[in-house]
Amino acid sequence: MLNTLYHTPKLVVIVTIYEDARKGILTSEMKDIAKAEGVDPEVVRRGLAAGRIVVLRNVKRAGKVKLVAVGEGMLTKVNANIGTSNTLIDLNMEIEKAKVAKKYGADTIMDLSTGGNLDVIRRKIMEAAEPLPLGTVPIYQAFMDVTHKKGAGLYMDEDDILNTIEKHLKDGVDFMTLHVALTKELAIKAVRSNRAEPIVSRGGSIIAAWMLEHNKENPMLTNFDYILELFKEYDAVISLGDSLRPGALEDAHDELHMLELIENARLVKRAREAGVQVMLEGPGHVPLDRIIADVKMAKRLTDGAPYYILGPLVTDIAAGYDHIAGAMGGALAAAHGADFLCYVTPAEHLNLPNPEQVREGVIAFRIAAHAADIVKYPDRAMKVDIEMGRCRGKLDWECMIRLSIDPEKAKEIREQYGPTSLKSCNMCGSLCVFLLLEKWRKGLRASQPASPTP
Ligand code: SF4
């Protein structure tokens with residue numbers, strides 16, 4: 001069932017999924033989500049009602065987009081960021097990346113484009129990404145559009161920002177990162193700080209530069225009530241950006257990081273009071289031993305808002321392998337309560353990723369999400385691992401390849417020295433542990449005494 005629309009002559013009043021849940025109404029959407037997640041529908045309704053689950057959606061695309069629920073009790077989700085830059089504009093490559101991300105198991109895609117015709121690019125990426133929900137960061141387009149019109153993005157005004165947000169909502173964008181919590185005071189503190197990297201968020205840097213240039217407060221903060229009305233109208237999800245997330249281990253959990261988290265927690269409360277679905281974004285770069293505390297703190301301050309994290313990367317020196325550094329942090333964070341992992345590709349900190357690097361990033365984070373789900377929800381997530389273990393023990397290669405998170409890669413490696421008829425593999429050959437003990441294992445299973453080796 002689509003969300004309920006009550007049309008009046010001048011006004012369209014939308015009852016959001018969040019409001020339905022709060023009224024105790026169990027909609028067919030909630031039941032569908034519960035079925036896909038393998039939980040009781042009441043788990044979904046209660047989580048939505050408490051603001052601990054969000055459904056990434058926009059009424060404009062209801063029915064076209066898969067219902068992806070993020071939050072407490074839901075399987076860990078993975079997002080893939082794609083999009084042009086203003087120095088590398090190749091729409092076909094971005095469409096290819098959307099298809100690759102979808103094929104290899106991303107749950108959502110974010111279009112972070114900053115170069116080319118951004119309306120056309122967003123709509124094409126949205127089309128290629130369907131049925132996955134699409135996210136955006138509208139401040140990028142507001143800034144770039146004004147750059148093209150007036151020669152510099154800093155000439156942008158409040159209307160440019162709000163109109164861009166509304167345009168994305170009208171197009172059917174399901175969730176948006178908004179850097180609302182970065183106050184002018186925090187931006188001044190950040191640029192005067194001794195941080196290794198004062199602000200590493202692109203959207204945060206744009207807002208900070210605008211506030212410093214105009215000596216004005218963050219327009220998304222001063223207009224937050226209006227933004228909430230907009231999101232409510234489309235029943236879309238606000239993802240509160242963390243402009244001051246640490247971009248280096250040295251900056252993790254410093255004063256700036258914590259102050260913005262507290263500000264974001266206040267905004268979560270305001271969004272919930274307005275009946276708008278909201279989630280919180282998180283770091284960044286965090287040492288392994290502080291990741292659990294980070295998740296607990298974010299959850300405690302926001303009363304369990306869905307936590308959407310970038311990585312976190314557990315070392316700063318893994319350039320070229322940052323998908324591994326990020327997946328390590330992501331697995332630990334998700335095992336302790338983070339709900340939504342934004343992937344990192346091997347190109348992170350180095351370049352715009354190509355489609356192959358998108359594939360590697362998605363796979364790395366699917367592994368992280370699954371590893372976390374084994375800890376959080378063993379009854380639902382472990383089944384496939386149990387089956388895989390049994391197939392390995394029987395040397396059932398067809399089954400092992402089929403159950404692999406990336407069957408193409410598994411098959412490619414299995415056959416890398418040419419097609420093989422080996423029962424084992426080339427690693428141990430006839431010394432395969434499963435072959436060496438096969439006779440006795442079979443014997444024991446049939447409850448027969450093992451016969452001595454001839
Ligand atoms: S040959 Fe070695 S690596 Fe290959 S399946 Fe047997 S035990 Fe495993």
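The table that follows gives values for the structure above.
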quantity	calculated
Options I121, I109; residue that is more than 15 Å from M176 (Cβ to Cβ), touching a helix residue (DSSP H, G or I) at 6+ places or on another chain (Cβ under 8 Å) and free of Cβ contacts under 8 Å to residues at least 40 places away in the same chain	I121
Residues within the range 182-206 that are part of a helix (DSSP H, G or I) and touching a Ser or Thr at 6+ places or on another chain (Cβ under 7 Å), tallied	2
Criterion: modelled with pLDDT of 95 or more, assigned to a helix (DSSP H, G or I) and closer than 22 Å to Y308 by Cα - qualifying residue of A128, A98, A80	A98
Test: residue in the range 405-422 that is within 23 Å of the chain's Cα centre (by Cα) and within 30 Å of A252 (Cα to Cα)	no
Qualifying residue in the range 378-385 (condition: β-branched (V, I, T) and in a loop (DSSP other than H, G, I, E, B))	no
Residue identified as assigned by TED's automatic domain parsing to the domain that holds P283, in contact with a Phe, Trp or Tyr (Cβ under 7 Å, 6 or more places away or on another chain) and either closer than 24 Å to L310 by Cβ or not hydrophobic (A, V, I, L, M, F, W, C) (or both) among I165, I199, I206	I206
Neighbours by Cβ (under 6 Å, 6+ apart or cross-chain): first from the range 429-441, free of Cβ contacts under 8 Å to residues at least 60 places away in the same chain and part of a helix (DSSP H, G or I); second among the aliphatic types (A, V, I, L, M) and more than 7 Å from the ligand (Cβ to nearest atom)	W440/A450
Complete set of residues in the range 153-181 that are touching a strand residue (DSSP E or B) at 6+ places or on another chain (Cβ under 9 Å) and part of a loop (DSSP other than H, G, I, E, B)	G172, V173, D174, H179, V180, A181
Exclusive hit being in contact with a Pro (Cβ under 7 Å, 6 or more places away or on another chain) and closer than 30 Å to I317 by Cα, set V286, V200	V286
Hits in the range 131-152 - residues which are surrounded by fewer than 22 Cβ atoms within 10 Å (Cβ to Cβ) and in a helix (DSSP H, G or I)	M144, D145, V146, T147, H148, K149, K150
Test: residue in the range 253-276 that is modelled with pLDDT of 95 or more, part of a strand (DSSP E or B) and either within 20 Å of the chain's Cα centre (by Cα) or outside the structural domain of L332 (by TED's automatic domain parsing) (or both)	no
Selected residue (only one of R266, R290, R270, R245 is surrounded by 22 or more Cβ atoms within 10 Å (Cβ to Cβ) and among the basic types (K, R))	R245
Per-region count, the range 415-436, residues near the ligand (Cβ under 9 Å from one of its atoms) and loosely packed, with under 10 Cβ neighbours inside 10 Å	3
Given (1) out of contact with any helix residue (DSSP H, G or I) (no Cβ under 8 Å at 6 or more places or on another chain); (2) within 16 Å of the ligand (Cβ to nearest atom); (3) modelled with pLDDT of 95 or more, index of the condition C399 fails	(1)
Pairs where the first residue, in the range 202-226, is within 12 Å of L178 (Cβ to Cβ) and the second is part of a helix (DSSP H, G or I) and acidic (D, E), C-beta under 8 Å, 6+ apart	P219/E158; N223/E158
Residues that are hydrophobic (A, V, I, L, M, F, W, C), within 20 Å of F434 (Cβ to Cβ) and assigned to a loop (DSSP other than H, G, I, E, B), drawn from the range 386-420	L395
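The values are calculated or read from the model by the stated rules, or taken from the named source; none is laboratory data. On a predicted model such as this, the values are computed, not experimentally measured, just so you know. Cβ atoms come from the backbone with ideal geometry, glycine included; neighbour counts cover every protein chain shown.
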